[in-house]
1. Let me know the mean shielding of B:39-48 by other chains, meaning the per-residue number of their Cβ atoms within 10 Å of its Cβ.
2. Would you mind calculating the relative contact order of chain B from Cα pairs under 8 angstrom and at least 6 residues apart, reporting the percent as a whole number?
3. Please list the non-local residues whose amide H lies under 5 Å from the amide H of B:Val555, H modeled 1.01 Å from N, same-chain partners needing a gap of 5 or more.
4. Give the accessible surface of the protein assembly as shown per residue, rounded to a whole number of Å², with probe radius 1.4 Å and ligands, DNA and RNA excluded.
5. Below 8 Å between Cα atoms, with a sequence gap of 6+, how large is the relative contact order for region A:28-168 in percent?
6. Kindly identify the protein assembly as shown as rounded, prolate or oblate by the Cα gyration tensor criterion: order the square roots of the eigenvalues as a ≥ b ≥ c, call it rounded if a/c is under 1.5, otherwise compare a/b with b/c, prolate if a/b is larger, else oblate.
7. For region A:28-168, what does the alpha-carbon gyration tensor say about shape, rounded, prolate or oblate, given a ≥ b ≥ c as the root eigenvalues, a/c under 1.5 as rounded, and a/b over b/c as prolate?
8. Explain nothing, just the number: dipole magnitude of chain B about its Cα centre with +1 on each Lys and Arg Cβ and -1 on each Asp and Glu Cβ, in debye rounded to the nearest 20.
Amino acid sequence: MAGWVLVAAVLSGCGAGGDGVDDPDSSPTANAALEQQREDVRAAAAELVTGAIGALGGRSSHTGGGFDGCASAGVDEFGSFRYRASGRVDVGPGAVRPYLDALGPVLTAAGFDEPALRERPGGQTLQAERDGVSAAFSELPGNGDYVLVNLQGPCVEVPESDRDTWLRRQDPTPYL
Amino acid sequence: MTTIQLPPLPRVAPALTCDPAAISACGADLLAASAQVDDLGTFVAGRARVDDWTGEAATAYHQAIAPTGRRADAMSLALRGVAHRVEEHSAEMQRLLDRRTALEDRQQHLAQQVAHLRAEVATTTEEGAAELQADCDRVAGQVQAYETDLDTWVSDLATEESEMSQAFTRVLGADDVDRIYGGVADPADGPLRDKPGAGASPAEVHAWWAALTAAQRRAVIAAAPGAIGNLDGIPASARHAANTVALGRDLADYAHTEDAGVLTDDERTCYDNALAADEARREIEGRHDPVTGEPIVAQIYIYDPAAFDGDGAVAISAGDLDTADNVAVVVPGFGTDGESAPYQADRAATLYESTRVLDPSATNASLFWIGYDAPDNAPWDEGYDGAGVVTESMAAAGGERLADTIDGLRASREDDPAHLTAIGHSYGSTTTGHGAHDHGLGVDDVVFVGSPGVGGDTDHASDTGVDPDHVWAGSNSRDPIADLGNHGWVHGETVFGAGLGDDPAEDDFGAHRFQAESTTRGGAYSFGDHSKYFDHDTESLANISHIVNGDYDAVQEAEHLHDPFLGPVEDPEYDREPTSPTTSSLTP
Amino acid sequence: MEVVPVSVGEASRAWDEQHLDLDAAATQIADADTSGFTTHVRGAATRFLAQWQRHAEGLGTVSEQRADGLRTTIADYVTSDEATRGDLVALLTYTQEVR
């Protein structure tokens with residue numbers, strides 16, 4: 001019984017916010033911010049992939065990205081989005097493990113802060129940030145002679161009216 | 001003076017500019033168009049005959065349409081043949097690209113060795129000459145082997161290009177089509193005649209499919225995609241191929257009808273569902289496996305844009321359902337319909353990524369399943385009083401369909417069963433509860449998240465028919481929907497004839513409760529918290545992923561809800577500081 | 001004149017649907033992307049698509065003619081003396097092309 005009464009109360013207060021986030025409707029720059037984030041993340045991804053090839057030889061593949069939902073905001077809806085890009089570099093014959101040793105300078109040369117090495121299941125990740133963009137090189141020795149490059153921008157809240165557009169936005173063109 | 005015979009420089013492989021994915025897309029368009037032409041042949045042989053019309057005019061009509069049917073049958077076979085050849089061409093060109101990459105690596109490596117040997121010649125002494133010559137001979141042998149492989153590659157490329165071009169040109173004209181395909185029986189006809197009828201079990205369907213030849217299967221997929229696309233017992237890869245044909249045909253049809261300005265309201269609804277399914281597939285294919293970096297495989301397991309009076313049915317997986325070690329089926333809830341597909345696809349891809357990140361050694365597939373008619377009256381839109389009280393009837397009907405889908409997944413992998421987990425979210429947990437209780441779900445684990453109740457007849461985890469040790473519940477302390485389940489001795493469905501059953505996160509229920517709080521939770525109930533269970537880097541997604549991976553020891557369990565006889569429900573999770581475990585490919 | 005049953009009207013509508021669907025198929029063939037093929041194959045692919053667009057359109061045109069033909073048959077019948085009142089009511093809705 002208590003549950004039903006409580007829901008009625010919650011419904012009547014719906015839309016009051018209360019989580020400390022600014023009303024996105026008052027932020028007309030949200031879409032522009034996401035477009036800019038796309039440009040920034042793709043440019044950084046291209047720079048890191050090129051840098052990794054410079055350090056380890058080999059070739060890149062699967063250099064793509066897209067907008068992903070960040071935090072859900074109810075049925076069929078994300079309240080915020082971010083741009084994510086990834087890529088793979090199959091290292092050259094002369095590359096020596098751990099590959100990540102050679103990739104710290106690639107991150108710092110691209111203007112990222114001091115990289116941090118972290119363990120992850122199956123391998124290690126070298127991660128750093130630059131202006132809110134998080135970038136990481138990952139090495140998974142059991143899976144093959146390659147490193148993975150992943151970048152993502154910060155979550156950006158978008159106006160309710162634009163959420164569906166961002167959810168359906170496709171970005172099939174490789175950045176490199 | 002000793003002469004050293006240096007190895008020759010290896011030739012560079014010629015450039016190869018092509019795009020196998022674009023070739024495959026071209027083939028898919030042709031296959032969808034061939035299905036449309038095939039429909040004309042079927043129509044002429046069936047509905048167009050107007051059997052109750054007799055007389056001279058009727059006879060003339062029947063005589064006139066017969067050649068049209070024959071022509072359509074021949075043309076569909078011809079177009080289908082080319083479409084299949086284009087698909088093969090796509091695969092062959094990918095193989096040639098891969099071979100070229102390997103040749104390029106060998107060429108670079110050999111060129112380095114030759115350069116090294118040339119430098120050695122300048123500094124070597126008479127004593128070292130014999131050894132150097134031996135090295136040169138060894139490398140020369142490798143260069144020769146490389147050159148032979150390069151020649152073979154060039155020849156294979158030329159052959160493939162020539163055969164593809166010939167396949168295009170041999171059926172250019174209508175006369176060619178008639179000469180080659182006129183009166184030829186469709187290889188799909190026999191299998192379709194023998195197909196088990198409605199009501200056949202998934203096992204019977206699987207046995208029928210397994211007995212067909214590869215050519216027969218391809219023919220059935222092209223000629224009658226609707227006959228197998230949603231048929232339980234058919235392997236996921238074949239269902240995907242058939243549903244891709246059906247979707248491609250529908251998109252072309254509806255777009256053309258819209259352009260012509262004659263799209264009906266019903267067709268508009270179906271078109272929206274088809275577009276949503278297409279976007280959902282692209283959403284998954286546009287994401288990358290966090291372990292390999294390769295695009296995630298998408299499989300359209302169910303596609304029926306007209307189902308449930310236009311709400312539509314669609315189920316698409318991230319990952320290969322036929323081969324994955326771990327398979328998760330996610331059952332969404334309130335407000336879900338065909339147009340929800342892109343959102344559900346994002347979730348499925350997110351769950352796929354998370355399961356892969358947390359166990360790179362296992363292969364996975366996450367299927368979002370909009371395979372039942374979910375309540376449209378979402379409580380956050382309309383309130384329970386606005387659209388009438390939500391009852392279990394849709395969950396009961398959906399549970400039966402879910403059980404069929406699970407049976408189909410099992411039947412198509414009889415010899416290689418996956419670790420299979422059903423995950424019900426929101427009203428989808430009520431549906432999953434009904435499927436388990438009423439029909440028995442052949443799953444290894446069952447997970448309820450954000451559950452408003454798992455069905456009135458399921459008072460305890462053991463009532464699901466699944467070992468209670470493999471029944472799991474996630475409930476965010478700020479989720480108002482999860483608070484709807486009956487607690488303690490109050491049973492809504494028995495008091496009001498409405499309500500959705502017991503809260504699976506409560507101590508009396510006997511399931512494992514896992515941590516599912518969010519770092520972005522507010523201070524009070526919020527519908528936003530009802531939808532965060534599948535977001536990256538949440539406790540909930542990490543724990544669900546561990547369960548899907550069968551990695552039970554890694555699951556962070558939570559204390560159960562408790563409803564004392566007197567006083568409000570107590571949730572020990574309410575005051576616990578939420579964490580943010582890494583589930584995306586990155587450390588946040 | 002023989003009786004023309006209502007099913008003839010329904011068939012005319014179905015032929016119209018075939019016409020619409022085949023025109024859609026023709027467009028789909030014409031719009032298929034040939035950019036993925038190598039230059040050696042692209043010419044043959046492009047020629048094939050152009051030719052098959054016409055083939056599919058041709059089938060669509062035949063379908064339209066069948067629909068028109070059946071409508072003419074219906075129109076002739078409903079204006080004849082043989083048509084009964086019940087036939088007229090049922091068949092008149094099919095004398096016009098809906099789409």
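The values are calculated or read from the model by the stated rules, or taken from the named source; none is laboratory data. Please read these numbers as outputs of a predicted model, since none were measured by experiment. Neighbour counts run over all protein chains shown; Cβ positions are idealised from the backbone, glycine included. Accessible surface areas use protein heavy atoms only, side chains included; no ligands, DNA or RNA. Shrake-Rupley method; radii C 1.70, N 1.55, O 1.52, S 1.80 Å.
1. Across the residues of B:39-48, the mean count of other-chain Cβ atoms within 10 Å is 4.
2. Relative contact order for chain B comes out at 10 percent.
3. Under 5 Å from the amide H of B:Val555 lies no amide H from a residue far enough along the sequence or on another chain.
4. Details: 34400 Å² over 863 residues.
Per-residue value: 40 Å².
5. So the answer I get is 28 percent.
6. Details: a/c = 2.06, a/b = 1.05, b/c = 1.96.
Oblate shape, in that a/c is at least 1.5 and b/c is the bigger or equal ratio.
7. Details: a/c = 2.37, a/b = 2.08, b/c = 1.14.
The shape class here is prolate.
8. On the way: 35 positive and 103 negative charges, 508 e Å.
Charge dipole, chain B, about its Cα centre: 2440 debye, nearest 20.
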